[in-house]
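Data first, discussion second: the structure below is written as C-alpha cells.
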C-alpha cells in the first residue's frame, strides 16, 4: 500500500510503499477513502507537541473508509461496508483501567506503547489495520461525500463532553474556545442536542460573528479581551440569563485565567466540563476557587474523547438531518500532496473547516 510516512520529526512526509496489513481474529483492514487533517498536525510532525510516537509511522487519526478484509470471527461487518475508523483504541486486558492510544497519533502512556507498536499506522495511507470494534458501520454513502463525513472526527470530541455534561433541551451552554475546529463543532452539536442558547467565546470577533451567521440566532458571540472580569461580564451579557453548563475546549496556548473566566459564569448547581489543552506544556495550572465551587454546588468533570456508542448516535444525528455535514467548508488533497494538506490545515484555522486527504484519489483525478 502507499502511505505518507514520517521518518524523522521535522522532516516532510514521504510517499512510500508499505506492506499491506493482514487482519487476524478481532481485526479488520479498511481501505481509507478520506482522512481528516487537524490544524495542529504540523506541530505533531515537527515534534513540537512531544506526542508519544515511534517512527517511522504513517500518521493520521481516524477517517472514513470501506472494509477490505475482516478477521475470521467477524459476524456483521462485510467487505465493502462503509465505516468510520475510530482512532481511540483501548486495551482489552483491563476492563476498569484500560490503556489507550489514538491510532497513528499518540500513545497516552508508556504502558500503551505495546498497542501503539501493533496498531501502528494511521489514516494517511491507502489501508489501515483496526480492532474490529473500531470500524463502525455508517451505512452506504456516496464516495464523493466521504470527505464531509470526516466531520465525525471533529463532532465526536465535543459530543463526548456534552454527554458527560448531560446537556438538556433548552439549556444555555458556553463553548469556551469556539473559533477552532473542536469548539465550532461543539456549537453545532449543542444546537442539535436542543440547547436553547450557545454562547461562543474567542478573541477573533470576525470568526465568532461568522459562526453566529452560519448557525443562527441561538448562537451568541462573546469576544474575549483577556481581562477576566471583563470577559465574565461579556459572557453573562451574551447569555442573557442563567448559564447551565460550560464546555471548555481552549487550546494549549490559552491561559488558565481564560478558563476560569468562563467557569465563574455558570449558575449555582451548574456543570463544567474540561476538554482543552491548557497547561499541557507546563504552563499555568488552573487553580479552582474551592469555596466558590462548594457554596455554588458546581460539578466539574474532565473528559477525554467520547464513549464508543457516541459514534452510532452521531451518525444518526447526521443521517436524520439534525447535523448537516455541508456546514463544513471542505478542502481535499490526494495522498501524494499530504504535506500540502498539512500546511493548508495549519494556515486555515477558521471555524467549521475540514482539510482532508483522499488516498483513493491520485493527482490526475483532482480538479
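No value in this document is a laboratory result; all are computed from the given coordinates. Nothing here was measured: the structure is a model prediction, and the numbers come from that model. Counting neighbours? That spans all protein chains shown, and the Cβs are built from the backbone with ideal geometry, glycine included.
Here are a few things to note about the model shown:
- Degrees, to the nearest 10: 338-347 long Cα axis against longest axis of the chain: 10
- Anisotropy class of the chain from Cα gyration tensor, a/c 1.5 cut: prolate
- Per-residue Cβ neighbour counts within 10 Å put 240, 39 in the sequence 240, 39, beginning with the fewest.
- Prolate/oblate/rounded call for region 154-302, Cα gyration tensor, a/c under 1.5 rounded: rounded
- Gained length - residue 313 relative to residue 214, 0.36 nm times residue gap less alpha-carbon distance: 33.3 nm
- Mean ellipticity per residue at 222 nm, deg cm²/dmol - from DSSP H runs of n ≥ 4 across the chain, formula -39500 (n - 2.57): -8000 deg cm²/dmol
- Region 276-360 shape via C-alpha gyration tensor axes, a/c threshold 1.5: oblate
- Computed from Cα atoms, the angle from the helix 181-192 axis to the main principal axis of the chain rounds to 70 degrees.
- With neighbour counts taken as other beta-carbon atoms within 10 Å, the residues 312, 30, 278 rank, fewest first, as 312, 278, 30.
- Normalised contact order of region 154-302, rounded percent, pairs of Cα under 8 Å and 6 or more residues apart: 22
- Degrees separating the helix 205-215 axis from the principal Cα axis of the chain, which is the longest one: 70
- For 357, 235, order by how many other beta-carbon atoms lie within 10 Å, fewest first: 235, 357
- Normalising the average separation of contacting C-alpha pairs (under 8 angstrom, six or more residues apart) by the number of residues puts the relative contact order of region 71-209 at 18 percent.
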